[in-house]
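Worksheet for the structure shown next.
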Amino acid sequence: MIQPSQADVRRFFCGVYAKARSGAALEPMELLVSQWMDEHPHYHPALSDVEAALRDMTVVNPDAENPFLHLSMHLSISEQCSIDQPRGIRQAVELLTHQLQSLHEAHHRTMECLGRMVHESQRAGRIPDGEAYIACVQRHATRR
């Protein structure tokens with residue numbers, strides 16, 4: 001398993017942002033990241049300055065959204081759906097996307113479930129519960 005550092009993640013996202021803005025050819029993963037970046041223009045200032053991103057790695061405001069974490073979650077959910085791991089996540093996200101008529105909004109709701117699963121796993125010191133994660137996404141899809 002690859003475990004990049006926080007600095008590696010920030011360099012990667014800032015690098016993809018710069019590469020996409022320059023019109024350079026993107027690798028498939030970079031293209032996916034770039035598409036999610038385009039959905040979040042309010043993150044562009046943070047992505048455009050790698051030095052500031054590396055300098056500002058401490059949490060100053062815990063209520064502020066972290067663009068690097070947020071984009072990482074979009075990327076994680078995209079990857080989970082592409083390989084259907086945990087099994088059933090693809091269908092759950094597709095159902096949620098249909099219900100909300102927005103893949104972007106479906107990802108945001110799925111992030112709530114993903115964050116909850118990771119938090120509970122870390123708090124309890126056990127492996128993440130994929131079934132609970134999928135059930136959470138499915139509950140979002142059945143809400144009216």
Checklist entry - Can you give the three extents of the C-alpha atoms in region 1-62 along their principal axes, from longest to shortest, in whole Å? => result 34, 31, 19
Checklist entry - residue 27 versus residue 66, label points 7 Å from Cα toward the beta carbon: distance in nm? => result 2.3 nm
Item to check | Relative exposure of 78, 48, judged by other C-beta atoms within 10 Å (fewest first) | outcome: 48, 78
Item to check | Distance from region 85-109 to region 15-39 (C-alpha centre basis), Å | outcome: 23 Å
Checklist outcome for this item: In Å, the Kirkwood hydrodynamic radius from C-alpha pairs for region 84-144 sits at 11.5 Å
Next on the checklist: Please compute the Kirkwood hydrodynamic radius over region 1-131, one decimal place, Å, based on all pairs of different Cα atoms.
Outcome noted: 16.0 Å
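Read-outs throughout are calculated quantities, based only on the coordinates presented, and are distinct from any laboratory measurement. Computed from a prediction, not measured in an experiment: that's the story for all the values here. Here Cβ is always computed from backbone atoms with ideal geometry, including for glycine, and neighbour counts include all displayed protein chains.
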